[in-house]
Amino acid sequence: MHSTRGALHFPAAERSKLDEYLPTKSSIAAAHLQPLPYATLTYATSMDSQITILPGIGSPISGPDSKAMTHYLRSKHDAILIGVNTAIADNPSLNCRLEGVGGYGGGDTLKGQPRPVIIDPKGRWEFGKESKIFGLVKDGKGKAPWIITAQQESKISSQKRNLLDAAGGKFLFVTTDETGKFSWCDILRALRDEDIESLMIEGGAGIINDMLARSHNLISSIIVTIAPVWLGKGGVVVTPERENREKEALRLKGVKWIPLGQDVVCCGRVSIPQREI
């Protein structure tokens with residue numbers, strides 16, 4: 001059994017406040033968006049709607065209670081997704097450190113550990129054995145990543161392929177449109193084809209803004225942590241484009257506000273009419 005060293009505790013009383021916004025077997029089975037995964041969009045933001053102080057630089061925003069909450073959310077999803085810019089800037093761990101999951105007191109399996117998913121259309125992420133994510137795989141504290149790319153398989157270096165294969169990860173090949181962008185439907189379908197039933201989308205700003213602007217109908221729930229801090233001008237902002245200035249503003253319904261330490265967490269679901277897939 002792995003040690004609980006470094007594990008985070010999130011109280012049962014706080015968990016129960018969030019659970020109605022998280023995937024369950026019944027919610028997945030009943031979801032009208034099937035055969036796509038249940039998708040939870042989540043991020044932390046400052047009072048001035050910024051998620052980091054400068055492009056390419058990770059900035060701690062929320063407090064320790066919210067951090068523990070994030071790891072609880074990770075434990076409730078099959079996979080967590082970020083974009084390549086975040087992967088390059090943060091060298092992220094993308095595992096779950098919640099007390100009791102696999103690798104943190106939960107036995108020798110990886111139960112409760114989500115599958116990391118990196119959106120990397122052009123193969124920009126130069127990962128290696130020294131990357132945090134692969135160190136955690138080696139230590140039995142996380143899963144290897146799946147990388148969604150539009151690269152031709154023959155153009156991916158053998159070093160990358162071999163490292164990913166050896167760790168238990170893989171490339172998923174998805175085509176882009178004429179502008180070089182993936183369709184969110186295509187991404188979610190590719191993941192559902194790999195038996196991913198629930199997905200936590202964590203960022204960064206490009207991913208969040210794009211999904212809110214183009215594909216908000218695919219989001220099952222939204223959980224935003226708001227920290228009592230202003231980062232000032234020049235940071236990276238969550239502010240999705242509007243396709244039509246006369247279009248109804250994007251709003252949440254079924255909203256719940258949860259105080260958590262010095263932060264407050266806003267939970268809800270997109271309220272505008274759903275589009276056809």
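The values are calculated or read from the model by the stated rules, or taken from the named source; none is laboratory data. From a predicted model like this one, the values you see are computed outputs, not experimental measurements. Here the Cβ is made from the backbone with ideal geometry for all residues, glycine too, and neighbour counts use every protein chain on show.
Considering only segment 124-142, I want to know if a residue exists there that is aromatic (Phe, Trp, Tyr), under 30 Å from residue 7 (Cβ atoms) and either touching a residue at least 40 places away in the same chain (Cβ under 8 Å) or surrounded by fewer than 20 Cβ atoms within 10 Å (Cβ to Cβ) (or both). Before you say what the answer is, go through the steps one by one.
Going through segment 124-142, the residues aromatic (Phe, Trp, Tyr) turn out to be 125, 127, 134.
Pick out the ones that are also under 30 Å from residue 7 (Cβ atoms) and you get 125, 127, 134.
Now narrow it down to the ones that are either touching a residue at least 40 places away in the same chain (Cβ under 8 Å) or surrounded by fewer than 20 Cβ atoms within 10 Å (Cβ to Cβ) (or both): 125, 127.
For segment 124-142, residues aromatic (Phe, Trp, Tyr), under 30 Å from residue 7 (Cβ atoms) and either touching a residue at least 40 places away in the same chain (Cβ under 8 Å) or surrounded by fewer than 20 Cβ atoms within 10 Å (Cβ to Cβ) (or both): present.
What number of residues in segment 197-212 are in a helix (DSSP H, G or I) and touching a strand residue (DSSP E or B) at 6+ places or on another chain (Cβ under 7 Å)? Walk me through it before giving the result.
From segment 197-212, those in a helix (DSSP H, G or I) are 205-212; that's our starting set.
Narrowing further to those that are touching a strand residue (DSSP E or B) at 6+ places or on another chain (Cβ under 7 Å): 205-208, 211.
Selection size over segment 197-212: 5.
Quick check, is residue 172 among the aliphatic types (A, V, I, L, M), at pLDDT 95 or above, surrounded by 21 or more Cβ atoms within 10 Å (Cβ to Cβ) and in contact with a strand residue (DSSP E or B) (Cβ under 7 Å, 6 or more places away or on another chain)? Before the answer, list the steps.
Details: among the aliphatic types (A, V, I, L, M): yes; at pLDDT 95 or above: yes; surrounded by 21 or more Cβ atoms within 10 Å (Cβ to Cβ): no; in contact with a strand residue (DSSP E or B) (Cβ under 7 Å, 6 or more places away or on another chain): yes.
So residue 172 fails the test.
Just a yes or no: is a residue in segment 97-120 at pLDDT below 95, more than 20 Å from the chain's Cα centre (by Cα) and under 18 Å from residue 182 (Cβ atoms)?
no
Out of 191, 231, 218, I need the residue that is under 23 Å from residue 60 (Cα atoms) and surrounded by 21 or more Cβ atoms within 10 Å (Cβ to Cβ). Which one? I'd like the intermediate steps shown before the answer.
Details: 191 fails: under 23 Å from residue 60 (Cα atoms); 218 fails: under 23 Å from residue 60 (Cα atoms).
On inspection, the qualifying residue turns out to be 231.
Can you spot a residue in segment 185-196 that is closer than 25 Å to residue 106 by Cα, part of a helix (DSSP H, G or I) and either free of Cβ contacts under 8 Å to residues at least 60 places away in the same chain or not aliphatic (A, V, I, L, M) (or both)? Walk me through it before giving the result.
If we filter segment 185-196 for residues that are closer than 25 Å to residue 106 by Cα, which is where we start, we get 194-196.
Restricting the remaining residues to those that are part of a helix (DSSP H, G or I) gives none.
For segment 185-196, residues closer than 25 Å to residue 106 by Cα, part of a helix (DSSP H, G or I) and either free of Cβ contacts under 8 Å to residues at least 60 places away in the same chain or not aliphatic (A, V, I, L, M) (or both): absent.
As an exercise: evaluate residue 133 against (1) within 14 Å of the chain's Cα centre (by Cα); (2) at pLDDT 95 or above and give the number of the one condition it does not meet.
Status for residue 133: all satisfied but (1).
Is it fair to say residue 150 is in contact (Cβ under 8 Å) with a residue 24 or more places away in the chain, surrounded by 12 or more Cβ atoms within 10 Å (Cβ to Cβ) and in contact with a strand residue (DSSP E or B) (Cβ under 9 Å, 6 or more places away or on another chain)? Reasoning before the result, please.
Details: in contact (Cβ under 8 Å) with a residue 24 or more places away in the chain: yes; surrounded by 12 or more Cβ atoms within 10 Å (Cβ to Cβ): yes; in contact with a strand residue (DSSP E or B) (Cβ under 9 Å, 6 or more places away or on another chain): yes.
Answer is yes for this residue.
Considering only residues that are in a loop (DSSP other than H, G, I, E, B), crowded, with 24+ Cβ neighbours inside 10 Å and not polar (S, T, N, Q), which ones fall in segment 79-103? Spell out the reasoning first.
First, the residues of segment 79-103 that are in a loop (DSSP other than H, G, I, E, B): 91-97, 99-103.
In the following step, the residues that additionally are crowded, with 24+ Cβ neighbours inside 10 Å were identified as 94-96, 101, 103.
Of everything in segment 79-103, those that are in a loop (DSSP other than H, G, I, E, B), crowded, with 24+ Cβ neighbours inside 10 Å and not polar (S, T, N, Q) turn out to be 94, 96, 101, 103.
Surrounded by fewer than 21 Cβ atoms within 10 Å (Cβ to Cβ), modelled with pLDDT under 95 and in contact with a Ser or Thr (Cβ under 8 Å, 6 or more places away or on another chain): does that describe residue 49?
The answer is yes for residue 49.
Looking at residue 223 and the list (1) in a strand (DSSP E or B); (2) farther than 19 Å from residue 23 by Cα, which single condition is not satisfied?
Failing condition for residue 223: (2).
Just to verify a result, which residue in segment 144-184, among those that are among the charged types (D, E, K, R) and in a helix (DSSP H, G or I), is farthest from the chain's Cα centre (by Cα)?
Our first condition is that a residue be among the charged types (D, E, K, R); within segment 144-184, this holds for 153, 155, 160-161, 165, 170, 177-178, 181.
From what is left, the residues that are in a helix (DSSP H, G or I) are 153, 155, 160-161, 165.
Values: 153: 25, 155: 27, 160: 23, 161: 23, 165: 22 Å.
It comes out as 155.
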